[in-house]
1. Just give me the residues in the range 244-278 being over 20 Å from the mean Cα position of the chain (by Cα) and not in a strand (DSSP E or B), in sequence order.
2. Report the residue count in the range 311-339 for those that are in a strand (DSSP E or B) and either free of Cβ contacts under 8 Å to residues at least 60 places away in the same chain or surrounded by 24 or more Cβ atoms within 10 Å (Cβ to Cβ) (or both).
3. If a residue must be over 16 Å from residue 13 (Cβ atoms), in a helix (DSSP H, G or I) and in contact with a helix residue (DSSP H, G or I) (Cβ under 9 Å, 6 or more places away or on another chain), how many such residues does the range 127-148 contain?
4. Does residue 180 meet the test of being modelled with pLDDT under 95 and either over 30 Å from residue 55 (Cβ atoms) or surrounded by fewer than 17 Cβ atoms within 10 Å (Cβ to Cβ) (or both)?
5. Against the conditions (1) in contact with a helix residue (DSSP H, G or I) (Cβ under 8 Å, 6 or more places away or on another chain); (2) crowded, with 17+ Cβ neighbours inside 10 Å; (3) under 21 Å from residue 316 (Cα atoms), where does residue 347 fall short? Just the number, please.
6. What tally of residues in the range 25-67 results from selecting those that are part of a loop (DSSP other than H, G, I, E, B), surrounded by fewer than 24 Cβ atoms within 10 Å (Cβ to Cβ) and at pLDDT below 50?
């Protein structure tokens, strides 16, 4: 048999024969609960599958028709590819018929078929009246041109024709996307002896395999897939669009509940805030006001949401606008997911729409930049959305998995868009543990900031070759870590007007031309060191002789050290390079003749005090001229 990843769901008023019609088509009674049997109504979601004449199998979801159980209907309708609207011939269109059609439209269902049930109870004139009733209801909806089939579940009349129509619709219905984040919203949880915890749901995107590690959101519980069933038969995997039962290993039934979502670990995160575009139903009994609280349905979950209106004072019947939802309990959703809003007092469907952003910042009302962003996320191209999220990530950049979550695009499509953007030089790719993408505008802005900082630095510190990279990072990019910053500077140096030299950065245009105001001081310090020879003045003595502060002399001494004109022994001691060279030569000759030297013999050899002798010997060690062994030193090598 061919298993096509497609799910058909029922819709319609209570007692209009949805469950009986499914039984007539499949032979399965989807009312499984004792209460449902006793009351003769569906109160919970029911599931089965239908084998079509071609051998294709599709999943079926039977939803409750009673107004008290519309929340279950929304949960069941969230994963539908096609809806079977059921209207009883002896009653016609009723309140839940209307609400179910509205919910399916809000959830983005595109295909449908209409069945007029109980045709054996009425004459043809009544059938035609019901047809007219239905035509008025579905005008302007996805069901406007749907075929209508009068049927009788009791006699079987019209059922074969209805099944043939369902098969025709399946051929017109597109496949779900397998190359996206795996998500399976849970609509039922139970346990079975010998197997343990089992959940069911419609796999809305991606693919699941036996043995996969699984995370349950928002509870963050980890478990493993022990087994999979598709249409009541064991399977090695399940793909987007299939009704799926999953045997979970490592989690108890009481730890899992409807409304949670199975994902592959780390592929997405729960949200406490969502941006969306909300369209109110023309039949909404009251407007939505700013910061009001309503029931928010997405997937199989229901949460209370505070709704902040971003471009309207209120949303009345038929209105539409940008909104931000804020939740106390986390929600599992992605962009392009459809949602439904129902009242928090009198429970009536008010409207619904599409999620645009799953981890947005707080938005200000009527803020032009926020509305421009939301308009782009609603109406922009895939490329524009990808570039927005890369630019919005700033200097941190964004990884490929994070972009998949932010855009909800198929991975292959996203890779293609990134390749185009890289080729057009609109983004750059940083290759660290995993690729990270930064926007060209962010890079351009950072380059200009670095140039300004280096220009100021060179002006204030003319004796230094460049600014320390870490100091620069702390000033303009403290949110980046050192490794990322160093890698970023490599890229920037290729594009920018500055160069990196070891741990410093300088402008390419920076030349070692001394300001005349420093030249005299440099010459004076240099002369003092030369004249001091092997017994140079200390920093304190220099300040006294030259009448300058230590903070004025330290940059000059650092400059002379970098230029190789003097040697730094300690923070307070500097020696002319020629004097230092003579001491080193004398020491090497002594070691060649005697094999070893102590601090005392070094002092006697050079005539230096301990104040000079110890730091010079330590510098010899650092320069790998000597090797210290206990209290003696020998030549290296």
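The values are calculated or read from the model by the stated rules, or taken from the named source; none is laboratory data. Remember, predicted model here, so these are calculated numbers, not experimental data. In this analysis, Cβ positions are derived from the backbone assuming ideal geometry, glycine residues included, and neighbour counts consider all displayed protein chains.
1. 250, 251, 252, 253, 254, 255, 256, 257, 258, 259
2. The initial filter retains those residues of the range 311-339 that are in a strand (DSSP E or B), namely 314-315, 320-331, 338-339.
Going one step further and asking which of them are either free of Cβ contacts under 8 Å to residues at least 60 places away in the same chain or surrounded by 24 or more Cβ atoms within 10 Å (Cβ to Cβ) (or both), we end up with 314-315, 320-328, 331, 339.
Matching residues across the range 311-339 total 13.
3. Of the residues in the range 127-148, 1 are over 16 Å from residue 13 (Cβ atoms), in a helix (DSSP H, G or I) and in contact with a helix residue (DSSP H, G or I) (Cβ under 9 Å, 6 or more places away or on another chain).
4. Numbers: modelled with pLDDT under 95: yes; either over 30 Å from residue 55 (Cβ atoms) or surrounded by fewer than 17 Cβ atoms within 10 Å (Cβ to Cβ) (or both): no.
No.
5. Only one criterion in (1) in contact with a helix residue (DSSP H, G or I) (Cβ under 8 Å, 6 or more places away or on another chain); (2) crowded, with 17+ Cβ neighbours inside 10 Å; (3) under 21 Å from residue 316 (Cα atoms) is unmet by residue 347, namely (2).
6. Within the range 25-67, residues that are part of a loop (DSSP other than H, G, I, E, B), surrounded by fewer than 24 Cβ atoms within 10 Å (Cβ to Cβ) and at pLDDT below 50 number 7.
Yes or no, residue by residue, for (1) out of contact with any helix residue (DSSP H, G or I) (no Cβ under 6 Å at 6 or more places or on another chain); (2) in a strand (DSSP E or B); (3) closer than 20 Å to residue 58 by Cβ:
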residue: 178; (1), (2), (3): yes, no, yes
residue: 184; (1), (2), (3): yes, yes, yes
residue: 197; (1), (2), (3): no, yes, no
residue: 201; (1), (2), (3): yes, yes, yes
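This table checks each residue for (1) loosely packed, with under 14 Cβ neighbours inside 10 Å; (2) modelled with pLDDT of 90 or more; (3) in contact with a strand residue (DSSP E or B) (Cβ under 9 Å, 6 or more places away or on another chain); (4) not assigned by TED's automatic domain parsing to the domain that holds residue 524.
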position: 569; (1), (2), (3), (4): no, yes, yes, no
position: 584; (1), (2), (3), (4): no, yes, no, no
position: 595; (1), (2), (3), (4): yes, yes, yes, no
position: 604; (1), (2), (3), (4): yes, yes, no, no
position: 622; (1), (2), (3), (4): yes, yes, no, no
